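The block underneath contains the structure these notes are about, expressed in structure tokens.
Nothing in this text is a laboratory measurement; each read-out follows from the coordinates by a stated rule. Quick caveat: nothing in here was measured; it's all calculated off a predicted structure. So basically every Cβ, Gly included, is an ideal-geometry build from the backbone, and we count neighbours across all protein chains shown.
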Amino acid sequence: MESWSVEQVCNWLKQRNLGELAPKFREEEVSGAALLALNDRMVQQLVKKIGHQAVLMDLIKKYQQQKSGLQSLTYRCETASQKFPEVVSGKNLKSFFARQKTLQWTSSYALPDFPYDVKCILAEKKCPDHSMRIRIIEFLQADMTKYLEGSLYFFPPMQLLWKRALKDRFKYVRRPIEDDEQVLRNKCKFGHRRGQNRKSSFAENKRDGVQGQVEEEPAHLKGSEMDLHIKWLNQEYMKTQRNWEEVDNRMNVTIEIRRKMISDKAPLKDILRLFPFLRCPYQLFREFQLLTHMDIYKKTVEILELYSENILSLYVVRNNPINIMLQENLKQHTEEDVLKYMKMTAACLLLPEVFGDDSSLFAAVNEEVKAVTPVMEVKNPFNVNSCEFALYIEREELAQLNDCTMALAALVAAFHVFDIPCPKRIHRTLNFLESLVFEVKNPASLP
């Protein structure tokens, strides 16, 4: 670029969709060397539109970063040619460059062109909230995958583990709870009020009506005030950035009317129309916790981690198609996290078979949902890139879920939150899960 003429610079601008700047650059005789020497003040004089200024400076910066990386690699090659003559002669040249690319890609890698709102946050040097961090991580992951195509990071299992490790990097970063869905999820998973007794029987925790369902007695609202809360919840549900702290408060205030509708057997569609946040898994788990004082998600994780190996070793499920599918997929992976995830998924789906229950009332695996009562829909359960989990009630999708643990927790929670009678043909499976969730003295055991 340093040796470009004025016309070459104008052609480069046209290729970058900045053709309307070409006359001004031609008038000011901006050559390649002058282009690289431009500072912020000069760019502001040359280019009137702020958007064009930002794009132009970004393109120049990327070129300089790539040039710096190339010079570093060239220097290393020259140094290596002195130390390793066999590289100069052509021997192992390909492997040498591959190794240097693996070691040096970070210096030559130029950041992608982030969306405008992300650029603003980074330019102001503000600490991004959790949702913004996730957007940045996913944007970088997609861009690096293209940049490193053909390397170890390009393979899907490594992408999954790399992305998870990158997210874990921010796991313990302290951040405010406002507008932060992840903090709300952690609050639902690990939150526990001081002095609260976690150990209680199923009979003590399952309560009818409104009494004892919330830790704090909700205020009695008049009709107009309740309408305002319901209207706000419906409007907030339509937003992409939600005020989760206020959602918590208003869901807590309106629980009395919601529980009365459910106890009066109001249609599920009417309940969800007034309280759409019950479609969100974390609000479903929170409602369950308000009713029972139990953390359903955390308990479900513990159950699957504790029992998955035992379930998969049982003779009754050895020749089940799900177990066969699991064994075939296990051969394709070696990562410990992926193998554990697959085994927990299989154990979850095989539970009805263990107890001799009707599996179609529990989960529809790669099939259409036919049950009216709460049931999981599972697609491609052992494919780490395309697996999908959802909760259905009355053959309508209630919520999309991240994994088998969340899907199983949502299934158990839905029966209690919406006060749905358990079908007899799935009773033993749910009784086993509930006895462990509610920590009864003599929990149901595997046959």
When the charge dipole of the stretch 6-67 is computed with +1 at the Cβ of Lys and Arg and -1 at the Cβ of Asp and Glu, the Cα pointing farthest to the positive end, of Gln65, Asn17, Val6, is that of Gln65
Can you tell me the FRET efficiency between Lys119 and Lys14 if r is taken as the Cβ-Cβ distance and R0 is 22 Å, rounded to the nearest 0.05? 0.40
Between Asn366 and Asp227, what is the spin-label point distance in nm, taking each point 7 Å from the Cα along the Cα→C-beta axis? 5.2
Spherically averaged projected area in nm², based on the convex hull that wraps the Cα atoms of the stretch 6-67: 3.8
Give me the Kirkwood hydrodynamic radius of the stretch 257-303, using the inverse of the mean 1/r over all pairs of distinct Cα atoms, in Å to one decimal. 11.7
Suppose R0 equals 25 Å. What FRET efficiency, 1/(1 + (r/R0)^6) with r the Cβ-Cβ distance, do Ser313 and Asp403 give to the nearest 0.05? 0.65
Pairs beyond 29 Å (Cα-Cα), from Lys14/Lys61; Lys265/Lys379; Lys62/Lys126; Lys265/Lys343; Lys49/Lys239; Lys269/Lys441: Lys265/Lys379; Lys265/Lys343; Lys49/Lys239; Lys269/Lys441
State, as an integer percentage, the relative contact order of the stretch 296-438 based on alpha-carbon contacts under 8 Å between residues 6 or more apart. 23
What would the Debye equation give as log₁₀ I(q)/I(0) for the stretch 369-447 at q = 0.11, 0.26 Å⁻¹, counting only Cα atoms as equal point scatterers? -0.31, -1.26
Based only on the alpha carbon positions, what is the Kirkwood hydrodynamic radius of the stretch 227-292, in angstrom? 12.1
So, R0 is 22 Å and r is the distance between the beta-carbons of Glu335 and Asp143; what FRET efficiency does that work out to, to 0.05? 0.45
